[in-house]
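The values are calculated or read from the model by the stated rules, or taken from the named source; none is laboratory data. These numbers were taken from a predicted model, which means no experiment stands behind them. We place every Cβ from the backbone using ideal geometry, glycine too, and count neighbours over all the protein chains shown.
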Ligand code: UD1
């Protein structure tokens with residue numbers, strides 16, 4: 001298994017190209033199941049999670065063609081053409097769903113178009129229990145018959161789905177996406193209340209509209225979908241990754257450097273910019289993206305994760321790394337997932353001073369982190385350790401790099417190009 005080895009303590013300088021968003025690309029890929037025509041997606045990142053989902057779609061019978069960019073655009077993402085002409089298999093097996101929970105996003109589209117889907121329950125995951133009850137309850141409101149049998153969600157709608165009013169009891173990104181796709185092919189109008197407002201939802205909604213769907217309220221928490229008998233193919237580019245943007249912004253801040261994030265969008269990361277500004281790190285909009293530059297020390301800032309437009313849970317571990325080196329204290333509260341502090345004991349191995357009380361972590365800044373061997377059990381926790389390693393004195397070795405490869409394309413190359421001393425090592 002690969003490891004990442006870092007000699008810390010060097011301020012980063014230069015520019016980083018922000019890739020297509022993993023969490024937007026995943027639902028967009030599954031939207032291909034809604035039509036027999038070809039969906040052409042541009043700016044698709046090269047990530048392990050994307051390969052896993054393509055493998056799942058492939059085993060359902062979707063034809064997938066990758067077009068690599070050439071010349072100027074070679075650093076950008078690739079284009080993927082997906083054609084779900086004939087579906088040969090309606091089962092999403094445990095092996096693939098267990099690997100990546102977003103696999104559950106095939107449920108809505110398969111059920112809506114074919115009236116049939118058997119999707120494995122994902123099971124537990126490192127950041128706590130992640131049930132799919134909201135997806136199931138809402139699809140039932142659209143008339144689906146759903147049973148849980150042998151660890152599978154067995155969903156049937158032989159007469160097709162019917163529009164309905166759905167009020168989500170809690171905000172869920174995945175459930176909103178599954179229902180947006182299902183409702184696009186349902187008979188009549190569906191209203192989704194308390195829908196998630198993440199930019200990735202807007203990206204999906206805009207792609208669905210390009211495919212012929214009728215959706216009102218895009219960007220808000222009340223979405224009204226008028227179902228169509230069929231959708232068509234379309235050509236759509238995946239949005240820039242706001243979590244990758246935020247992660248590199250913190251790389252600049254934690255090393256005391258200056259990075260320009262090419263293709264980054266400020267409106268996707270406003271809550272993070274507010275925290276960075278309060279911590280003493282200005283973020284500037286440029287013609288090419290965002291520029292992040294740290295001038296002085298970092299000040300401690302309290303942070304609470306919330307659904308968009310609040311501070312994203314997917315940036316919680318990274319902001320905690322930054323706060324370990326702040327002057328003063330920072331209270332970091334996680335409200336979305338129950339068990340998302342696994343990076344805390346690893347950061348402590350690097351000299352961080354953090355006390356966890358329930359859903360909150362009190363981070364008391366230390367003057368300097370020290371390099372250490374560390375490992376993490378999820379994607380964002382892993383990258384928080386890379387960030388800490390960039391700032392720490394001496395060598396940090398981060399194991400279980402496969403978590404990083406799920407969500408960060410060529411991270412060691414991108415960081416090395418900005419002056420980090422970082423390499424990938426084989427065991
Ligand atoms: C998505 C993101 C993930 C991010 C999360 C929250 C993708 C592929 N993943 O995950 O990176 O951390 O949003 O921004 O886009 N819940 C239920 N029942 C359900 C569904 C969710 O109780 O049926 C709970 C979850 O346990 C969690 C909360 O709702 O506490 C939010 O989860 P949700 O927004 O659904 O996360 P995902 O879509 O899985």
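Tabulated values for the structure
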{"item": "Selection within region 5-17 - within 26 Å of residue 78 (Cα to Cα), touching a helix residue (DSSP H, G or I) at 6+ places or on another chain (Cβ under 9 Å) and surrounded by fewer than 24 Cβ atoms within 10 Å (Cβ to Cβ)", "result": "17"}
{"item": "Leading residue by the ranking (nearest to the chain's Cα centre (by Cα)) among those in region 304-326 that are within 19 Å of residue 8 (Cα to Cα) and in a loop (DSSP other than H, G, I, E, B)", "result": "324"}
{"item": "Residues of region 177-208 classified as at positive phi and either under 23 Å from the mean Cα position of the chain (by Cα) or in a helix (DSSP H, G or I) (or both), total", "result": "1"}
{"item": "Candidate set from region 230-270 (those that are out of contact with any strand residue (DSSP E or B) (no Cβ under 8 Å at 6 or more places or on another chain) and surrounded by fewer than 17 Cβ atoms within 10 Å (Cβ to Cβ)); member that is farthest from residue 325 (Cα to Cα)", "result": "230"}
{"item": "Enumerated helices (runs of 4 or more DSSP H) restricted to region 327-427, each holding at least 1 residues that are free of Cβ contacts under 8 Å to residues at least 12 places away in the same chain and closer than 16 Å to residue 317 by Cα", "result": "343-349"}
{"item": "Strands (runs of 3 or more DSSP E) completely within region 258-300 that count 1 or more residues being touching a residue at least 60 places away in the same chain (Cβ under 8 Å)", "result": "258-262, 289-293"}
{"item": "Residues of region 138-176 that turn out to be within 12 Å of residue 115 (Cα to Cα), part of a strand (DSSP E or B) and under 27 Å from the mean Cα position of the chain (by Cα), as a count", "result": "2"}
{"item": "Residue match in region 209-221 (condition: within 23 Å of the chain's Cα centre (by Cα), within 16 Å of the ligand (Cβ to nearest atom) and either in contact (Cβ under 8 Å) with a residue 12 or more places away in the chain or under 30 Å from residue 375 (Cβ atoms) (or both))", "result": "yes"}
{"item": "Matching residues, region 402-419, being more than 16 Å from residue 18 (Cβ to Cβ), at pLDDT 95 or above and surrounded by 19 or more Cβ atoms within 10 Å (Cβ to Cβ)", "result": "412"}
{"item": "Condition check for residue 122: within 22 Å of the chain's Cα centre (by Cα), within 11 Å of the ligand (Cβ to nearest atom), surrounded by fewer than 16 Cβ atoms within 10 Å (Cβ to Cβ) and free of Cβ contacts under 8 Å to residues at least 40 places away in the same chain", "result": "no"}
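For every residue, the table says whether it meets (1) surrounded by 24 or more Cβ atoms within 10 Å (Cβ to Cβ); (2) closer than 25 Å to residue 101 by Cα; (3) in contact with a helix residue (DSSP H, G or I) (Cβ under 9 Å, 6 or more places away or on another chain).
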residue: 343; (1), (2), (3): yes, yes, yes
residue: 356; (1), (2), (3): no, no, yes
residue: 382; (1), (2), (3): yes, yes, yes
residue: 393; (1), (2), (3): no, no, no
